[in-house]
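The values are calculated or read from the model by the stated rules, or taken from the named source; none is laboratory data. Treat the numbers as computed from the prediction; the structure is a model and nothing was measured. Here Cβ is always computed from backbone atoms with ideal geometry, including for glycine, and neighbour counts include all displayed protein chains.
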Amino acid sequence: MTSLPLSVVIPCYNEEACLEELHARVSRAAQAVSPAGYEIVLVNDGSRDSSWEMMQKLSARDPHVVAINLSRNHGHQLALTAGLDLCSGDRILIIDADLQDPPELLPAMMAEMDRQKADVVYGLRRARAGETAFKRATAKMFYRGLSKLSDIEIPRDVGDFRLMSRRALDALLSLP
């Protein structure tokens, strides 16, 4: 597999309403930081709308788009893992398709990764717009519990929005 400087991995479930805007914004951000090459890996997680058809159209018109279709809905984390397993970037941006996390932060995240010589740069939400109190509370409990169970410090209240080095991804993918 040929290595690219950047992969953007995006699990998708019933995202037809935002795929065009997602593609446009992610493409601009990726082009800004990696004009030498990038891929946008869209993973269809058994969507029931026309997400898969739209992903195929995006892939047909943009050679940077890789569209992966899972046989059924496996859930967000397994869809993400499928994309991570198949991406080829030296650096990998993970972002949700709903655009709650702005892809325009990619240049700042790349700069921070370079400055800190870090393997992972997390995007931390300042606000969780549109989420119910229940969702906020369960997310808070999840990250607090995860932190207590782990020997590694994991930033609290982060979602999947992060930039990883290939070294970090390879370590993650080596886990059973």
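Filtering Pro11, Pro5 for residues that are touching a residue at least 60 places away in the same chain (Cβ under 8 Å) and either touching a Lys or Arg at 6+ places or on another chain (Cβ under 9 Å) or charged (D, E, K, R) (or both) leaves a single hit, Pro5. Scanning for something surrounded by fewer than 17 Cβ atoms within 10 Å (Cβ to Cβ), of a type in the set (Ser, Thr, Tyr) and over 14 Å from Ala30 (Cβ atoms), does the range 74-90 turn up at least one residue? No, the conditions are met nowhere in the range 74-90. For the range 60-84, a residue qualifies if it is of a type in the set (Gly, Ala, Ser) and touching a residue at least 12 places away in the same chain (Cβ under 8 Å), and the qualifying residues are Ala67, Ser71, Gly75, Ala79, Ala82, Gly83. Of the helices (runs of 4 or more DSSP H) that lie entirely inside the range 91-174, those containing 1 or more residues that are of a type outside the set (S, T, N, Q), at pLDDT 95 or above and in contact with an Asp or Glu (Cβ under 6 Å, 6 or more places away or on another chain) span 166-173.
Whether a residue is crowded, with 19+ Cβ neighbours inside 10 Å, among the polar types (S, T, N, Q) and more than 23 Å from Leu169 (Cα to Cα) was assessed, and Ser51 passes this test.
On inspection, Ser47 qualifies as under 18 Å from Ala82 (Cβ atoms), in contact (Cβ under 8 Å) with a residue 24 or more places away in the chain, polar (S, T, N, Q) and not in a strand (DSSP E or B).
Just so you know, in the range 7-25 the residues that are under 15 Å from Phe161 (Cα atoms) and among the aliphatic types (A, V, I, L, M) include one that is farthest from the chain's Cα centre (by Cα), and it is Leu22.
All of Ala32, Ala67, Ala60, Ala36 fail the test of being among the hydrophobic types (A, V, I, L, M, F, W, C), surrounded by fewer than 22 Cβ atoms within 10 Å (Cβ to Cβ) and modelled with pLDDT under 95, apart from Ala36.
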